Amino acid sequence: MVKIFGEFQLSDGRGLVLRSPRWEDLDELMSFINSLVEEGTNITVNRKVTREEEAEWLAELLANIEKGRTIGVVAEVDGKVVGNSEVTRGTGSQSHVGFLGVGVAREYRDLGIGTRMLKTLIEESRRIGLRLLVLDVYATNARARHVYKKLGFKEAGTVPNMACTKNGYVSVIRMFLELD
Ligand SMILES: CC(C)(COP(=O)(O)OP(=O)(O)OC[C@H]1O[C@@H](n2cnc3c(N)ncnc32)[C@H](O)[C@@H]1OP(=O)(O)O)[C@@H](O)C(=O)NCCC(=O)NCCS
């Protein structure tokens, strides 16, 4: 069942719905991730995914949401998926930790969508009892670093040259947010 996390108005007046993902999102989620890859943006995925790969990924995501292991939040504007984000609970001694990822399609950035998705993930993470959120961000990703910092994330440290991109090696910063 689809869960609606919230409905908001964007800075350009359009409506934003934040909801859980569903199987019917498959094609739009594939177009979304492939548009980020094509753009060459600051994410780990660096080659376009096939429909089969996306279907496997989505099936696993939906199963993990069902099991309560993942919180999934998609952003929908004018009935179209324009952003995706998730927090996945760690295992064993890291079961209190949520690993976070977020992305917004290029034409929809700087409208407040990323901030709304992150606030929702933080609230939901607290609600399910997570104590710590962690994420990795490219040192060159000034916008993402700004948004994480604005929401209270702190930088734990930098791993030099951790990502090999088409523009050369990039350092990766681990950030964290304590939820207590
Ligand atoms: C990072 C990302 C998720 C943020 O989402 P978004 O919807 O664009 O973010 P918002 O509109 O909520 O906020 C953008 C903020 O960054 C600021 N910003 C924009 N460009 C900036 C830059 N180059 N340097 C610093 N801040 C910048 C905006 O002014 C705004 O600040 P404010 O909230 O204080 O007004 C989104 O841009 C994205 O998906 N980027 C590509 C993929 C990616 O980088 N994912 C994260 C990987 S760790």
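Miscellaneous remarks
- Single residue of V104, V147, V137, V87 found to be more than 11 Å from the ligand (Cβ to nearest atom) and either within 28 Å of C164 (Cβ to Cβ) or surrounded by 15 or more Cβ atoms within 10 Å (Cβ to Cβ) (or both): V87
- Candidates L111, L132 - the one that is crowded, with 18+ Cβ neighbours inside 10 Å and more than 15 Å from the chain's Cα centre (by Cα): L111
We did not get these values from a lab; they are worked out from the coordinates using the rules stated. Since we're looking at a predicted model, the values are computed, not measured. Every residue, glycine among them, receives a Cβ derived from its backbone with ideal geometry; neighbour counts consider all protein chains shown.
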